[in-house]
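Reading through the structure tokens given below for one structure.
The values are calculated or read from the model by the stated rules, or taken from the named source; none is laboratory data. Bear in mind the structure is a predicted one, so any value in this text is a computation, not a measurement. Every residue, glycine among them, receives a Cβ derived from its backbone with ideal geometry; neighbour counts consider all protein chains shown.
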Amino acid sequence: MSDPKSLDREFGVAGGIEFHTGDGGAVVAEVRTAEATASVALQGAQVLAWAPGGQPPVLWLSPAARFTAGKPLRGGTPVCWPWFGPHPDDATKPAHGFARNVDWNVVETAVLGSTVRIAMRLIPEPVQRELWPHSAELTLTVTVGECLRLDLTTRNTGAEPFTITQALHTYFHVGDIAATRVEGLDGTAYIDSVGGTARLVQDGPITVTGELDRIYLDCPGKATIVDESLQRQIHITKQGSRSYVVWNPWVEKSARLGDMGDDGYRQMICVETTNAADDVVDVAPGTDYTLSTEYSVEPLT
Ligand code: TA6
């Protein structure tokens, strides 16, 4: 991965995109548009922050998050790839795959009116191919503006088909989890991952009063985070996904994780755009598959 100075020379845009070295040595792109600001770490192509004009941050980054090369960072939009959750049959392999732990290369930047786009690419190296023996190219295109759009494209550059699961594992900032609900999944079947794999059906909006970890199935549509405390709603739309994961670790799991910060669970909820559980993706040789999601914010009326 290049250093910030050479990245600035090749991909910097005056007043729009600037690269610098952040905490712990993380190389970060600072994005500024007429309508929003954002920052993106090249390790994991992870959006760390996004705020449309006049809005408190929309993404949550743990106050206890410390950048360590090769380790996941708690918050923003980690990319889980090429498997979601624990590896299906080898628990020694990293949870949520390896894409979030490695450096991606910037391949394109552009200012398009009041939006800024940055595209980053990961081509698994031999050490990653030991974990996952396939030829692929992974590209994340981040478009920053009044909305935040993420397009994650997997290209099968090999001669054999392969199957992936994946997630845009986004941490959203909320004013108070007790005054937050997720709408749009009423009547949807889900797998309750807390203490098992029971299959249940969502009744009404999702509220959080304890550890919650669920994979919602057959739900390609929109979801909305309603935040009574900040008096706003965050709309989530998507393409190429038939599942959502909703997660809050609450007290005990937060303590076990160790990087959630004091009461951090009170200010976050993950609503993840996924291909998870039954929603797997087969990618034939020479073809692409794109998982996309878009976030927009609206005041509560
Ligand atoms: O997306 C929910 C989940 O799979 C939970 O089970 C929880 O483990 C969370 O991801 C965080 O995983 P991480 O590996 O980042 O600690």
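Restricted to region 173-195, and to residues there that are closer than 21 Å to PRO220 by Cα and more than 16 Å from the ligand (Cβ to nearest atom), the residue that is surrounded by the fewest Cβ atoms within 10 Å (Cβ to Cβ) is GLY187.
Scanning region 129-166 for residues that are touching a Pro at 6+ places or on another chain (Cβ under 6 Å), closer than 24 Å to VAL31 by Cβ and surrounded by 21 or more Cβ atoms within 10 Å (Cβ to Cβ) gives no hits. Check whether at least one residue in region 196-203 is outside any loop (DSSP other than H, G, I, E, B), surrounded by 13 or more Cβ atoms within 10 Å (Cβ to Cβ) and either more than 14 Å from the ligand (Cβ to nearest atom) or at pLDDT 95 or above (or both), and report yes or no. No. Scoring ALA38 on the criteria (1) over 15 Å from HIS173 (Cα atoms); (2) away from the ligand (no atom under 16 Å from the Cβ) leaves a single failure, condition (1).
Yes or no, residue by residue, for (1) over 27 Å from ASP3 (Cα atoms); (2) of a type in the set (Val, Ile, Thr); (3) at pLDDT 95 or above; (4) within 16 Å of the ligand (Cβ to nearest atom):
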| position | (1), (2), (3), (4) |
| --- | --- |
| PHE98 | no, no, yes, yes |
| VAL106 | no, yes, yes, no |
| LEU122 | no, no, yes, no |
| ARG149 | no, no, yes, no |
| LEU152 | no, no, yes, yes |
| GLU160 | yes, no, yes, no |
| GLN166 | yes, no, yes, yes |
| TYR171 | yes, no, yes, yes |
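Annotation: of all residues in region 117-128 being closer than 27 Å to PRO57 by Cα and among the aliphatic types (A, V, I, L, M), the one that is surrounded by the fewest Cβ atoms within 10 Å (Cβ to Cβ) is ALA119. Among the residues of region 245-285, those identified as farther than 17 Å from PRO72 by Cβ, within 12 Å of the ligand (Cβ to nearest atom) and of a type in the set (Val, Ile, Thr) are VAL246, ILE269, VAL271, THR273.
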